[in-house]
Amino acid sequence: PICLGVDRRFGAGAGTRLAVIDDDAAAINQVELEREVLVLVARAPQGNPHGALMVAWAVGCGRRPGDFRGVAPDASPRLYLIPKPGASALALPLAMVRAVLDGADVILCTTYVEGCTSPMLDDALELAWRWGRRGRGAPVVLPTGREASSPAGSLHASFSLGLCAPASDPRVF
């Protein structure tokens, strides 16, 4: 049998540090963050509320009865803000490394990552895999992409994951 060093925490996520990596922070004041971390940006990008929405789906927004509760409402989220895709090949790996070193239990990358495969990203994934959560490994979740294709004359689109896409790495979810 294969044994993975994974802690199973059931419930509302209490005691879990969640790292959300995104490139936008508009409306971030609508969610409760443990901290906002800037990675290769001078200030938090305010183009759209994507980062705030990702945090809200993870931990909810508000503590009053009737407010939206996320998947893990008692987790402690940190938002790692990076430049827009294509502006820096260094930002995503640096954000991952920073999250691991900050003690993230789960790293959720919610920004567009296609075309950002690099030896530095490989090193960041290896760090999370081997040294995250004090050597037990920190799960890294990456998007699979938005590229669709279909055969000529077809009405159906097919989404596929290329072998060189960051999400195809066996160390990520």
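Quick check on PRO83: is it of a type outside the set (D, E, K, R), modelled with pLDDT of 70 or more and farther than 23 Å from ALA14 by Cα?
yes
Return yes or no: is ARG78 open to solvent by 60 Å² or more (accessible area, probe 1.4 Å) and in contact (Cβ under 8 Å) with a residue 12 or more places away in the chain?
Spelling it out, it is not the case that ARG78 is open to solvent by 60 Å² or more (accessible area, probe 1.4 Å) and in contact (Cβ under 8 Å) with a residue 12 or more places away in the chain.
Of all residues in segment 39-70, count the ones that are assigned to a helix (DSSP H, G or I) and either more than 22 Å from ALA99 (Cβ to Cβ) or open to solvent by 40 Å² or more (accessible area, probe 1.4 Å) (or both).
Counting residues in segment 39-70 that are assigned to a helix (DSSP H, G or I) and either more than 22 Å from ALA99 (Cβ to Cβ) or open to solvent by 40 Å² or more (accessible area, probe 1.4 Å) (or both) gives 3.
Residue by residue through segment 110-138, note down the ones that are open to solvent by less than 30 Å² (accessible area, probe 1.4 Å), at pLDDT below 90 and under 12 Å from the mean Cα position of the chain (by Cα).
THR110, THR111, VAL113
So is PRO73 free of Cβ contacts under 8 Å to residues at least 60 places away in the same chain and in a loop (DSSP other than H, G, I, E, B) or not?
So PRO73 fails the test.
The values are calculated or read from the model by the stated rules, or taken from the named source; none is laboratory data. Since the model is a prediction, treat every value here as computed from it, not as a measurement. Counting neighbours? That spans all protein chains shown, and the Cβs are built from the backbone with ideal geometry, glycine included. With ligands, DNA and RNA removed, areas are computed over all heavy atoms of the protein, side chains included. Shrake-Rupley method; radii C 1.70, N 1.55, O 1.52, S 1.80 Å.
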